[in-house]
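First comes the structure, then the notes that go with it.
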Amino acid sequence: MDLSDIGNDLESVLLSEQQLNDRLAEMAAQIDEDYKGQDLLLVGVLKGAVMVMADLARRLHHPAEMDWMAVSSYGSGTKSSGVVRILKDLDADLTGRNVLIVEDIVDSGLTLSWLLSNLRSRGPKSVEIAAMLRKPEAVKVDLDVRYVGFDIPNQFVVGYGLDYAEKYRNLPFVGTLAPHVYES
Ligand code: XMP
Ligand code: MG
């Protein structure tokens, strides 16, 4: 699948399926090494992290558990405000667990900062973050993202779980939107 298959809404491919796959294999190997012989609970943040979670988890040799959370950050369409509401909470009890939050993208970092302190208040042994993409803004906040797939430019991206008005999540690559899509 490439750009021409989806009409003229996408401007460019930022990260190809191959690039994503290669990086996921490296991240999985690192996570396997870091959590070897220890408990591990992967926490995916719906909906954006579905692709990363599925692809990262299946590359792990670790018998990790998976759980899901859905949150909504209030704010205008493309910017988050840091005020977060839980739409679906975890099923798992985090007491004494090694938790690894799996996210699609860190932008301002506000959503993850909130999530981190929320999960830390539940008595886990550890909480770390794995994010497939990180934007430049995220570097400014004090947020320790242990596993980062790619640092990307400050552009609105879609695909591989990321949406524009709920579309394009199913693209197997990460692309940038053509300006006419969000300017219209
Ligand atoms: P913060 O700013 O709290 O935002 O780190 C994280 C959430 O904002 C969304 N987000 C994006 N979604 N393309 C998207 O489709 C982007 O370029 C983008 N930047 C931020 C996303 O939901 C993420 O979890
Ligand atoms: Mg998200």
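Throughout, read-outs are computed from the coordinates displayed, never taken from laboratory work. Since this is a predicted model, take the numbers as computed values, not measurements. Please note: Cβ atoms are built from the backbone with ideal geometry, for glycine as well, and neighbour counts cover all protein chains shown.
Across all directions, the shadow cast by the convex hull of the range 95-152 built on its C-alpha atoms averages 3.5 square nanometres. Within 12 Å, Cβ to Cβ, of TYR35, how many net charges do the neighbouring residues add up to if Lys/Arg are +1 and Asp/Glu are -1? Net local charge, TYR35 excluded: -2. Of the residues ASP89, ASP104, the one with the fewest other Cβ atoms within 10 Å heads the list, and the complete ranking is ASP89, ASP104. For the chain, the longest principal axis of the C-alpha atoms and the axis of helix 110-120 are separated by about 20°.
Rg then Dmax, both in Å and based on the Cα atoms of the chain: 16.2, 52. Can you tell which of ASN118, ASN21, ASN98 shows the greatest fluctuation in a Gaussian network model of the chain with Cα springs below 10 Å? With Cα springs under 10 Å in the chain, the top fluctuation among ASN118, ASN21, ASN98 is at ASN118. A Cβ-based charge dipole, computed about the Cα centre of the chain with Lys and Arg at +1 and Asp and Glu at -1, lands at about 520 debye.
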